[in-house]
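Visitor: Got a structure here, written out as structure tokens. Questions coming.
The values are calculated or read from the model by the stated rules, or taken from the named source; none is laboratory data. A quick note: this is a predicted structure, and the numbers were derived from the prediction, not measured. Note that each Cβ is placed from the backbone with ideal geometry, even for glycine, and that neighbours are counted across all protein chains shown. Just the protein is used for accessible areas: all its heavy atoms, side chains included, with ligands, DNA and RNA removed. Shrake-Rupley method; radii C 1.70, N 1.55, O 1.52, S 1.80 Å.
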Amino acid sequence: MKRLLIAAALLAAASPLAAQTIAITGGTVALGDGSEPMAGATVVLRGGRIVAAGPNVAVPRDAQIVDARGKWVTPGIVAGFSRLGLAEVDLTWSNDDGGGVSDTAGSADDTGQNGPFSAAIDVVPAINPLDTTIAVNRADGVVRAIVAPAAGKSIFAGQGAVIDTGADMDPVTAARKFQFVELGQAGADAAGGSRSASHVMFRSALREAAELGRYAGSVGSSGKAAAEGRDMPTVRNPNESRLYGSAARRSDDVMLTRFDAAALVPVLQGRQYLLVHVERASDILQVLALRKDFPRLKIVLVGASEGWMVADRIAASNVPVIASALNDLPASFEQLAATQSNVGRMRNAGVAVSIGMIDDSDTRNLFLERQYAGNLVALQKVPGATGVSWGEALAMITSRPAQAIGMGGEIGSLMPGRRADVVIWSGDPLEGQSAAEQVYIDGVRQPLATHQSRLLERYRYLPRRELPEAYRK
Amino acid sequence: MRSVFVAILAASMLGGCAAKTPPPKAHPIRINEDPYPSTYTRYPGAVTVIRGATVFDGEGGRIERGTVIFGDGLLQAVGDASLASPAGAIEIDGTGKFVTPGIIDVHSHLGDYPSPGTASLQDGNEATGPVRPEVWAEHSVWPQDPGFSRALANGGITTLQVLPGSANLFGGRSVVLKNVHARTVQGMKFPGAPYGLKMACGENPKRVYGNKGGPGTRMGNIAVTRATWLRAQDYKRKWDKYDKNGGDMPGRDLAMDTLRGVLDGKILIHNHCYRADEMAIMIDMSKEFGYKITAFHHAVEAYKIADLLAANNICAAMWADWYGFKMESYDAVKENIPLVHNAGACAIVHSDDANGIQRLNQEAAKALADGIRAGIPGLSEAVAWEWLSRNPAKALGILDRTGSLKVGKMADVVLWNGNPLSGYTRPERVWIDGAEMYDSANPNKRPVSDFELGQPGEGDTK
């Protein structure tokens with residue numbers, strides 16, 4: 001078995017490798033754009049980008065050939081909603097847990113949000129590319145993730161990012177891509193105990209942002225992003241914004257800190273996406289109605305377990321949905337009508353729906369999304385259920401989450417020009433029994449060894465040897 | 001079913017005029033060990049033949065184009081295409097489909113932590129003290145939990161063990177249920193199944209009680225557990241003596257009753273434990289006090305001590321790939337289940353989750369594939385089905401009655417619309433004791449709990 005050490009891979013992440021031309025030939029290739037897989041097709045990557053993918057694509061003479069006969073080749077999985085990279089181990093008992101035992105090793109969990117700020121929070125400083133969770137997900141074909149902060153005492157959780165799972169120290173693909181807000185039950189709880197409270201809190205916050213926004217200049221593409229030659233507006237860090245000078249006056253009766261209000265200015269202006277967690281049908285309609293008063297909000301619904309009940313209205317609003325894939329239990333009173341047919345029904349109604357994870361597992365189990373996508377395909381054979389086609393299911397875990405936040409031109413498919421995030425699978429990736437065999441991120445082949453694979457090597461054979469287990473490499 | 005002992009009051013003394021013999025001791029009173037008996041009765045079914053499907057018998061056997069015949073609640077014949085159908089039987093064409101024993105989940109909190117998850121329904125952990133063997137999970141089960149029907153229709157679950165949570169060192173008795181809707185929990189209880197007792201080691205008890213008088217450490221966990229077994233042995237001595245000799249009845253203690261049942265071999269231990277070193281300590285403890293651990297649950301590090309598990313005949317109920325949510329689950333490997341199986345130990349796939357219970361076949365499939373990729377020998381789809389039916393039945397003490405497609409066993413059968421190790425397959429029909437409890441094509445054969453009546457989504461395909 002090849003052993004690729006993480007250290008070696010870090011060194012290898014330099015540009016020369018990314019500039020290589022690679023042709024992956026002979027595999028069953030799916031583009032991730034909703035189309036069905038194509039047998040015996042070729043994928044060509046160069047300079048970290050997709051050149052072309054399909055059955056009649058020519059192999060460049062200078063290309064390194066990767067033989068994918070008998071394998072499947074797809075874009076890498078994009079975790080549509082997650083908290084990947086924010087926690088190494090979820091439950092390490094900070095004192096807030098009430099365990100009363102101090103955690104001298106430092107909490108391995110950076111999702112706590114009990115400080116004084118809310119909307120201004122930026123997940124980027126918290127992301128650790130060396131988390132074992134990132135390696136485990138990379139090893140199973142997850143290449144990019146939409147990473148959101150968790151809401152603490154406010155309905156506003158802060159600003160999320162898009163990361164890659166590559167074995168290097170530069171995980172951020174797009175910083176401050178969206179603001180995340182809770183407007184369902186969690187929002188009601190945070191705002192003081194009711195949805196009335198959370199909605200008035202929301203409106204009040206946007207009012208404060210509007211007031212501060214009078215002083216705002218154009219908050220948009222920084223020079224650096226423009227230099228990279230791609231249309232990737234990154235909201236400038238509000239800490240550097242001119243909104244903090246004494247000239248930017250605020251009313252006396254404000255509730256948000258200046259930083260938090262400033263962070264909402266780009267949301268109000270429609271320059272930063274607003275991901276909204278709602279589950280209940282009536283809550284979904286309330287969020288859609290917000291656009292009457294705040295027409296420039298770029299809303300994306302997250303969760304939406306009851307979305308199918310109001311799918312026509314969601315479709316008419318052109319608001320994308322990043323839905324939980326398989327919720328089918330009335331886990332709470334905001335999910336009474338949950339059904340696995342939710343995603344399929346929304347799709348059939350014309351909703352731009354993709355899949356994400358917003359539950360206890362969202363820090364680490366994103367690799368399960370492809371199994372969940374396969375389950376949506378299974379529904380096609382269940383009477384009374386509404387499933388999706390294979391091509392659509394793959395799109396929901398690749399290109400569609402990217403499109404939901406305006407990055408469909410960059411990641412999530414094998415269309416020309418996209419980042420060369422490619423996975424070669426042992427078989428159909430929507431079957432849990434398949435495994436990722438090769439993972440490329442930005443055209444760079446990734447190491448797939450993890451803490452777990454090393455443990456397997458050590459304990460594959462138990463009988464005693466001449467030295468204790470700790471000496472087994 | 002444990003036989004019901006009727007309380008007997010002894011007739012007493014008659015003094016003769018001249019006799020000076022001491023009055024005979026009172027005969028011992030037999031305690032009713034089954035005061036909440038199962039009232040489950042199977043529903044009506046017809047003699048049914050499923051022909052032409054691939055059959056996994058649950059014990060490692062695979063029959064291509066097989067025939068499965070059941071009637072009067074029991075399996076009557078299982079074999080190949082040459083088996084003849086009884087006259088008047090319902091014939092089901094299983095071509096292109098698969099037939100298996102129903103899946104048995106040994107670790108569920110359906111009913112105890114039901115949907116919806118309101119605070120008023122959180123009944124799985126009697127976290128008022130770390131030693132609570134006196135509570136019985138069945139007294140918390142809400143039979144109207146919609147989770148039961150999801151497990152049936154999406155997961156092919158025909159039997160499940162509901163146990164207390166793992167906040168406590170001794171969590172309380174578990175209960176084995178038929179996945180058949182009833183108005184009462186007694187109406188769901190698996191007839192004759194032995195009781196289980198939930199124990200826990202590791203992080204949970206010490207986290208919950210660290211600030212509340214302890215235990216606050218792993219060593220505290222062990223000390224309190226051992227001290228409890230000492231009390232149990234003392235109780236057992238008193239009651240054994242009373243049972244043998246009569247006399248003054250000792251005081252009765254519900255907690256000690258349960259522990260005595262374990263020491264007597266009547267109640268099976270299901271021990272939540274993740275780490276290899278902690279499982280080894282629990283094994284030694286079981287020997288110290290003379291009881292048997294039937295199964296470790298979760299057992300994330302079972303692969304590190306698979307040889308110990310095999311040598312001690314202890315089952316391990318595991319996940320395919322859960323990891324990293326606590327330090328004690330940090331060292332998970334995806335090949336845990338097949339590694340345990342390969343060592344000759346009893347490997348089980350469990351859920352501990354109302355969503356996971358709907359996909360145990362898929363979890364077994366992942367474990368199987370990861371095992372084959374790792375070069376573990378002796379694996380096959382038919383073997384993987386042992387992890388879902390035969391081994392769980394063994395761990396619950398009901399293997400003589402269900403858990404495999406053997407003649408004379410309960411007709412707990414699932415017809416799948418494809419290979420159930422594929423994520424594209426779902427149950428098509430499910431029979432429990434030969435009664436059809438689910439038919440994907442028939443909306444009238446889809447159970448709806450009381451809670452869901454009149455709610456948005458009532459009767460929907462979930």
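Visitor: B:ASP72 versus B:ASN211, label points 7 Å from Cα toward the beta carbon: distance in nm?
Guide: A separation of 6.2 nm, rounded to one decimal place.
Visitor: Among the trypsin sites (Lys or Arg not before Pro) in the stretch B:243-333, which ones are in a DSSP loop with at most 11 other Cβ atoms within 10 Å of the Cβ? Mind listing them? Present the calculation step by step, with values, prior to reporting the outcome.
Guide: Values: sites: B:LYS244, B:ARG252, B:ARG260, B:LYS266, B:ARG275, B:LYS287, B:LYS292, B:LYS304, B:LYS326; in loops: B:ARG252, B:LYS266, B:ARG275, B:LYS292.
Taking the stretch B:243-333 and a limit of 11 other Cβ atoms within 10 Å, the loop trypsin sites (Lys or Arg not before Pro) found are B:ARG252.
Visitor: May I ask which of B:LYS244/B:LYS266; B:LYS266/B:LYS292; B:LYS326/B:LYS462; B:LYS206/B:LYS292; B:LYS304/B:LYS326; B:LYS241/B:LYS266 have a Cα-Cα span longer than 20 Å here?
Guide: B:LYS326/B:LYS462; B:LYS206/B:LYS292
Visitor: Compute the label zone of B:LEU254 within the stretch B:199-214: residues whose backbone N is under 20 Å from the point 7 Å along Cα-to-Cβ.
Guide: From the stretch B:199-214, the list is B:199-200.
Visitor: Around B:GLY66, which amide H atoms from residues at least 5 apart in sequence, or from another chain, sit under 5 Å from its own amide H, with H modelled in the peptide plane?
Guide: Those lying under 5 Å, H to H, from B:GLY66 are B:GLY52, B:ALA53, B:THR54, B:VAL55.
Visitor: Moving to a separate point now. Within the stretch A:289-311, find all residues whose amide N lies under 18 Å from a label point positioned 7 Å from the Cα of A:ARG207 along Cα-to-beta-carbon.
Guide: Flagged as within label range: A:290-295.
Visitor: While we're here: Between B:HIS139 and B:ILE31, how many nm apart are label points set 7 Å from Cα along the C-beta direction?
Guide: 1.3
Visitor: Which pairs in the list B:LYS189/B:LYS445; B:LYS189/B:LYS334; B:LYS198/B:LYS287; B:LYS97/B:LYS406 are over 23 Å apart, alpha-carbon to alpha-carbon?
Guide: Violating the 23 Å limit, Cα to Cα: B:LYS189/B:LYS334.
Visitor: On a 0 to 90 degree scale, rounded to 10, what angle separates helix B:254-263 from the longest Cα axis of chain B?
Guide: It works out to around 70 degrees.
Visitor: Quote the total accessible area buried by chains B and A together, excluding ligands, DNA and RNA, probe 1.4 Å, nearest 100 Å².
Guide: For chain B against chain A, roughly 5100 Å² becomes buried.
Visitor: Could you pull out every residue, at least 5 positions away or on a different chain, whose amide H is within less than 5 Å of the one on A:ALA157? Hs are placed 1.01 Å off N in the peptide plane, and Pro or chain starts have none.
Guide: Those lying under 5 Å, H to H, from A:ALA157 are A:PHE180, A:VAL181, A:GLU182.
Visitor: Inside 10 Å of the C-beta atoms of B:364-372, what's the mean count of C-beta atoms belonging to other chains? Show your work: numbers first, answer last.
Guide: Working: counts 1, 4, 7, 2, 2, 7, 4, 0, 1.
For this peptide, the per-residue mean of nearby foreign Cβ atoms is 3.
Visitor: Just to be sure I understand the model, the point goes 7 Å from the Cα along the line to the Cβ. What's the resulting B:GLU91 to B:LYS287 distance in nm?
Guide: 5.9
Visitor: Could you check how much of the accessible area of the protein assembly as shown is carbon and sulfur, as a whole percent, using a 1.4 Å probe?
Guide: Answer for the protein assembly as shown is 53 percent, counting heavy atoms of protein chains only.
Visitor: Chain A: longest stretch without exposed GluC sites (Glu not before Pro) (DSSP loop, at most 12 other Cβ within 10 Å), sites themselves excluded? Mind dumping the intermediate values first?
Guide: Working: sites that count: A:GLU228, A:GLU466.
No qualifying site falls inside A:229-465, the longest such stretch.
Visitor: Run through the DSSP bridge list for chain A and note the antiparallel percent, rounded to the nearest 5. Intermediate results must be reported in sequence, preceding the final value.
Guide: Working: 33 of 62 bridges.
Of the beta bridges lying entirely in chain A, close to 55 percent run antiparallel.
Visitor: Related question: Through the Karplus equation 6.51 cos²θ - 1.76 cosθ + 1.60, θ set to phi - 60°, convert the phi angles of the stretch A:20-34 into ³J(HN,Hα) values in whole Hz; use x for Gly and Pro.
Guide: After applying 6.51 cos²θ - 1.76 cosθ + 1.60, I find 4, 9, 10, 10, 9, 10, x, x, 7, 10, 10, 7, x, 9, x Hz.
Visitor: Right, here's the next one. Rounded to the nearest 20 Debye, what is the dipole magnitude of the protein assembly as shown about its Cα centre when Lys and Arg each give +1 and Asp and Glu each give -1 at the C-beta?
Guide: With only Lys, Arg, Asp and Glu charged at Cβ, the dipole is about 560 debye.
Visitor: A follow-up question, please. Under unit Cβ charges (Lys, Arg +1; Asp, Glu -1), what dipole magnitude, rounded to 20 debye, does chain A have relative to its Cα centre?
Guide: 1100
Visitor: Quick one: Karplus J couplings for the stretch B:454-462, per residue in order, coefficients 6.51, -1.76, 1.60, θ = phi - 60°, nearest Hz, x for Gly and Pro?
Guide: So the J values, rounded to whole Hz, are x, 9, x, x, 4, x, 5, 5, 9.
Visitor: Return the sequence-ordered ³J(HN,Hα) values of the stretch B:42-57 in whole Hz as given by the Karplus equation 6.51 cos²θ - 1.76 cosθ + 1.60 applied to θ = phi - 60°, using x for Gly and Pro.
Guide: So the Karplus estimates, Gly and Pro as x, are 5, 7, x, x, 10, 5, 10, 10, 10, 10, x, 8, 7, 10, 9, 7 Hz.
Visitor: Provide the per residue accessible area, probe 1.4 Å, for the stretch A:284-369, rounded to a whole number of square angstrom.
Guide: 32
Visitor: Here's something else I'd like to know. Taking a cut-off of 15 Å between Cα atoms, list the aspartates and glutamates near A:LYS473, but don't count ones fewer than 8 places away on the same chain.
Guide: Output for A:LYS473: A:GLU457.
Visitor: Give me the three principal axis extents of chain A from the C-alpha atoms, as integers in angstrom, largest value leading.
Guide: Result for chain A: principal-axis Cα extents of 69, 53, 47 Å.
Visitor: Per DSSP helix of 4 or more residues, -39500 (n - 2.57); summed, then divided by the residues of chain B. What does that give at 222 nm, rounded to the nearest 500?
Guide: Dividing the helical sum by the residues of chain B leaves -7000 deg cm²/dmol.
Visitor: Within straight cross-link reach of A:LYS153, meaning Cα distance under 12 Å, which aspartates and glutamates are found once same-chain residues fewer than 8 apart are removed?
Guide: A:GLU182, A:ASP189
Visitor: For chain B, take the longest principal axis of its alpha carbons; what is the angle in degrees between that and the long axis of helix B:218-245, to the nearest 10 within 0 to 90?
Guide: Rounded to the nearest ten degrees, it is 70.
Visitor: For A:GLN438, list long-range residues whose amide hydrogen, built 1.01 Å from N in the peptide plane, is under 5 Å from its own amide hydrogen.
Guide: Here the answer is A:ILE424, since their amide H atoms fall under 5 Å of that of A:GLN438.
Visitor: Using a Cα-Cα cut-off of under 16 Å, which lysines could be cross-linked to A:LYS177, ignoring same-chain neighbours fewer than 8 residues away?
Guide: Partners found: A:LYS224, A:LYS298.
Visitor: If you take the square roots of the eigenvalues of the alpha-carbon gyration tensor of the stretch A:378-469 and sort them as a ≥ b ≥ c, do you get rounded (a/c under 1.5), prolate (a/b over b/c) or oblate?
Guide: Cα axes put the stretch A:378-469 in the oblate bin.
Visitor: I need the fraction of alpha carbon pairs in the protein assembly as shown separated by more than 55 Å, rounded to a whole percent.
Guide: 16
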